[in-house]
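Beneath this line is the structure, given in structure tokens, with notes to follow.
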Amino acid sequence: MKLQQLSLFLENRPGRLGAPLEAIAKEGINILTLSLADTAQFGILRLIVREWDKAKQVLEDAGWVVNLTEVVAVDVLDRPGGLAEALAVLEGAGLNIEYMYAFSLRRGDKAILIFRFEDPDRAIDVLLEKGLHVVDGDELLSVVSG
Amino acid sequence: MLTELWNDAAGGFHPASAPDFLPETALKQVQLRRLRAVVSLAYENVALFRTRMEERGLTPDSIQRLEDIQQLPFTVKADLRDTYPFGLFATPMSDVVRLHASSGTTGKPIVVAYTREDVDVWSEVMARTLACCGLHRGDVLQNAFGYGLFTGGLGAHYGAEALGATVVPISGGNSDRQIMLIRDFGVSALCCTPSYFTYLIERAAELGVDLRALPLRAGIFGAEPWTDGMRDHIEAAAGIKAYDIYGLSEIIGPGVASECSAQQGLHIFEDHFYPEIIDPETGEALPDGEEGELVLTTLSKKAMPMIRYRTRDITSLISEPCECGRTIRRMRRIGRRSDDMFIIRGVNVFPSQVEAALLAVEGTLPHYQIILTRDQGLDQMSVEVEVTPEVFSDKIRALEDVRARLAKAIEHILGIRVGLRLVEPRSIARSEGKAKRVIDRRNEGA
């Protein structure tokens, strides 16, 4: 149920984001979602793509340092308080979140939350136990690309 | 008559400066006599030197003329490191009255030693240095070179006392107090690194102190390379004459060579330090006027004689007479070195030291580049390091931690603050052959 997330190191200066995105677009690889974390000096681009192994190869061949991380996707109702409820569950279980990002779908009433947990396996157990919906790779593909 | 020059009243020369005016034949006699003595001393007491002499079939008697020095083996910085700490001493420790140390290539310092006589010679050549810069009894010299293991502070201090000047032994740093004492003590001369002085100029302006309106008239600058453009700026902004002096711990410290009022090259105190210029590739001696690597032999050092020490500094010797009247030869100001060592804030830095730190943190050596800049007169060093798969993480905090550990490791080895920037893989230019590790932008726009 875990998803593979690709992370890339980028320098924080104009034009650095475009190149890796172009490289994977050229190979026809669709990006399901992405997030960018940055400091004054550098940034980390995090990507969830349809064919992560192919994308990783393409990026590495083009010279990027790529890191592979397991993340967990949860869908919640896209309405005020939806995220807060999910977070309350995680907090109550004492799960440590390294970082997270979210996106809402074009269609439907759901928002997808992507979590980087310290311990993703335990997190999935807790989420399922508490009745939250963990989205796996195939499902994410189908809801995103419809 | 020379005796007229020996008047140490204002404008005259100190008696210690007499050897600066020796006729060439007399100078050469002194040099040959001292060369033969120092070669004997080293041959009899320094195992490394004796072995190298024997390998070449040489004995001290092989030195019959000054030119015979060209047969002698070179000494290099690695020899000091390999024999750390006391392997090149020629006298027992009971005759050594002082040790100094400077940064080395592997984190281990280079150790140098002085007998009582060596300290006297050092005081003499530093007195001659200060006299060369127009100082005399009655001057107040603020000594902002660092006191301690670094040779700059104590070298200038003893020289100023030998000259009869008044020393203010403030050492480096504490800029506001530096400026207060320049003003309150009527300081007429100051010595420090040129980059530190340009900072003092800025700071004085911020404090509303006009250095041009004070008695300060001479700046004696050394321990790092600086340009004519920087000199023009210093002279105009502080209303002083800025003199370049040269020295290195391995030879004695400051006091090897100094500019005079003509500011056309630095007079080498060659009755104590015999200069040669060699082709850095072949080791062949080059005639005066040709550019090459400066090689120095200490003619009178007792505790740690240096025979044909390769300084790695590129310059040329000027044998034409100087308008100041001194007969000792001059060398042109040092513009570059034959290795990739650089000097920042008075500290010798080899890229290999930075490499050792990067290697210690990462396990493998990443591509890196050292960038030197000058910000408000202060030299800054920053290191750009390409991110490798081994250290890359999807977490910002982990990368910040890597960055901090790299910076700390470098600062620990060098003892100075450095900036550290993580950059993308393959973003540092790869050159054919030798990598260009150091980008020096300090003189751009200076």
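The values are calculated or read from the model by the stated rules, or taken from the named source; none is laboratory data. The model shown is predicted, which means the values in this text are computed figures rather than measured ones. Using ideal geometry, Cβ is built from the backbone for each residue, glycine included, and neighbour counts are taken over all protein chains shown.
Just a few scattered comments:
- Restricting attention to the stretch B:280-302, the residues that are assigned to a strand (DSSP E or B) and over 26 Å from B:Val96 (Cα atoms) add up to 5.
- Failed criterion for A:Pro80 (all others in (1) at the interface with chain B (Cβ under 9 Å from one of its Cβ atoms); (2) surrounded by fewer than 20 Cβ atoms within 10 Å (Cβ to Cβ); (3) in a loop (DSSP other than H, G, I, E, B) hold): (1)
- Within the stretch A:23-71, if we keep just the residues that are away from chain B (no Cβ under 14 Å), within 20 Å of A:Met1 (Cβ to Cβ) and among the hydrophobic types (A, V, I, L, M, F, W, C), the residue that is surrounded by the most Cβ atoms within 10 Å (Cβ to Cβ) turns out to be A:Val49.
- Matching residues in the stretch B:26-85 - criterion: being within 26 Å of the chain's Cα centre (by Cα) and among the acidic types (Asp, Glu): B:Asp79, B:Asp82
- Count - residues of the stretch B:226-272 that are surrounded by fewer than 21 Cβ atoms within 10 Å (Cβ to Cβ) and small (Gly, Ala, Ser): 6
- Among the candidates B:Thr198, B:Thr193, B:Thr166, residue that is in contact with a Phe, Trp or Tyr (Cβ under 8 Å, 6 or more places away or on another chain) and among the polar types (S, T, N, Q): B:Thr193
- Whichever residue in the stretch B:359-392 is touching a strand residue (DSSP E or B) at 6+ places or on another chain (Cβ under 6 Å) and aliphatic (A, V, I, L, M) and, among such residues, is nearest to the other protein chains (Cβ to nearest Cβ): B:Val387
- Any hit, the stretch B:288-298, residues being modelled with pLDDT of 95 or more, under 20 Å from the mean Cα position of the chain (by Cα) and either surrounded by fewer than 17 Cβ atoms within 10 Å (Cβ to Cβ) or outside the structural domain of B:Ala131 (by TED's automatic domain parsing) (or both): no
- From the list B:Lys408, B:Lys395, the lone residue that is away from chain A (no Cβ under 14 Å), modelled with pLDDT of 85 or more and surrounded by fewer than 18 Cβ atoms within 10 Å (Cβ to Cβ) is B:Lys408.
- Pairs where the first residue, in the stretch B:234-245, is assigned by TED's automatic domain parsing to the domain that holds B:Arg217 and the second is modelled with pLDDT of 95 or more and assigned to a helix (DSSP H, G or I), C-beta under 6 Å, 6+ apart: B:Ala238/B:Leu211; B:Gly239/B:Arg212; B:Ala242/B:Glu235; B:Ile245/B:Thr129
- Filtered residues of the stretch A:9-22 (kept if within 13 Å of chain B (Cβ to nearest Cβ) and assigned to a helix (DSSP H, G or I)): A:Ala19, A:Pro20
- Residues in the stretch B:51-61 that are part of a helix (DSSP H, G or I) and surrounded by 15 or more Cβ atoms within 10 Å (Cβ to Cβ): B:Arg52, B:Met53, B:Pro60.
- The condition of being within 30 Å of B:Leu317 (Cβ to Cβ) and in contact with a strand residue (DSSP E or B) (Cβ under 8 Å, 6 or more places away or on another chain) holds for only one of B:Ala238, B:Ala218, that being B:Ala218.
- Matching option when the condition is among the aliphatic types (A, V, I, L, M), surrounded by fewer than 17 Cβ atoms within 10 Å (Cβ to Cβ) and in contact with a strand residue (DSSP E or B) (Cβ under 7 Å, 6 or more places away or on another chain), among B:Ala205, B:Ala285, B:Ala303: B:Ala285
- Hits in the stretch B:303-327 - residues which are within 17 Å of B:Tyr246 (Cβ to Cβ), part of a loop (DSSP other than H, G, I, E, B) and not aliphatic (A, V, I, L, M): B:Ser316, B:Cys322, B:Cys324, B:Arg326
- Per the conditions (1) surrounded by 24 or more Cβ atoms within 10 Å (Cβ to Cβ); (2) in contact with a Ser or Thr (Cβ under 7 Å, 6 or more places away or on another chain), the sole criterion not satisfied by B:Phe150 is (1).
- Some residue of the stretch B:342-361 being more than 21 Å from B:Asn443 (Cβ to Cβ), touching a Pro at 6+ places or on another chain (Cβ under 9 Å) and surrounded by 17 or more Cβ atoms within 10 Å (Cβ to Cβ): yes
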